[in-house]
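Chemist: I'd like to ask you about the structure that follows.
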């Protein structure tokens, strides 16, 4: 049985992953070598510009921004993994998360979430997050037939083939 806290984290990561799927797909169009260069040389403003350009296609201004930190995982025996720290702020929900970009998929991992005027009921806070993500988008969230199938992964909640 899933622990209560991890159950809510999983539901929230799933909602976030579903809401930013197109953003992740757009960010995966950037060459991994560019991300590696920007992260290793600490040119985070370049990544912030890439994120802002992609986010403006799908979200209201200022709701999703790059958190000016990231990591790259480069190994000889596997494709690179790019992890970008991101922030989502809308409707009194402040969410910090890591967007993980890989060769065939992307994922999210919530690192911190705060609800101004939080409810004592975690389900209510999760509902507020879902509403905030939906309201922050310029267009409605596209439907996915089997959301659970495409959003399950380790260590982050996967966006599937974003």
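Chemist: Output the residues belonging to segment 11-29 that are over 13 Å from the mean Cα position of the chain (by Cα) and crowded, with 16+ Cβ neighbours inside 10 Å.
Modeler: The one that is over 13 Å from the mean Cα position of the chain (by Cα) and crowded, with 16+ Cβ neighbours inside 10 Å: 11.
Chemist: Given 84, 57, which one is loosely packed, with under 13 Cβ neighbours inside 10 Å and within 16 Å of the chain's Cα centre (by Cα)? First the steps, then the outcome.
Modeler: Working: 84 fails: loosely packed, with under 13 Cβ neighbours inside 10 Å.
After ruling out the rest, the residue left standing is 57.
Chemist: Turning to a different aspect of this structure: Keeping to segment 116-131, report how many residues are part of a helix (DSSP H, G or I), surrounded by 12 or more Cβ atoms within 10 Å (Cβ to Cβ) and touching a helix residue (DSSP H, G or I) at 6+ places or on another chain (Cβ under 9 Å).
Modeler: Final tally of qualifying residues: 5.
Chemist: Going through segment 88-108 one residue at a time, which ones are closer than 25 Å to residue 35 by Cα, modelled with pLDDT of 95 or more and surrounded by fewer than 19 Cβ atoms within 10 Å (Cβ to Cβ)?
Modeler: 89, 96
Chemist: Could you tell me whether segment 55-64 includes any residue that is out of contact with any helix residue (DSSP H, G or I) (no Cβ under 8 Å at 6 or more places or on another chain) and assigned to a helix (DSSP H, G or I)?
Modeler: No, segment 55-64 contains no residue that is out of contact with any helix residue (DSSP H, G or I) (no Cβ under 8 Å at 6 or more places or on another chain) and assigned to a helix (DSSP H, G or I).
Chemist: Across segment 124-139, what is the number of residues that are modelled with pLDDT under 95 and more than 16 Å from residue 64 (Cα to Cα)?
Modeler: 0
Chemist: If you don't mind, there's one more thing I want to ask. Which condition number does residue 142 fail, the rest of (1) surrounded by fewer than 19 Cβ atoms within 10 Å (Cβ to Cβ); (2) modelled with pLDDT of 90 or more being met?
Modeler: Every condition holds for residue 142 apart from (2).
Chemist: Would segment 4-20 turn up any residue that is in a strand (DSSP E or B) and free of Cβ contacts under 8 Å to residues at least 60 places away in the same chain?
Modeler: Looking through segment 4-20, none of the residues is in a strand (DSSP E or B) and free of Cβ contacts under 8 Å to residues at least 60 places away in the same chain.
Chemist: Take residue 39 and decide whether it is buried (at least 18 other Cβ atoms within 10 Å of the Cβ), in a helix (DSSP H, G or I) and under 13 Å from the mean Cα position of the chain (by Cα).
Modeler: So residue 39 fails the test.
The values are calculated or read from the model by the stated rules, or taken from the named source; none is laboratory data. Quick caveat, the model's predicted, so the values are computed rather than measured. Neighbour counts are summed over all protein chains in view; Cβ atoms, including those assigned to glycine, are modelled from backbone coordinates with ideal geometry.
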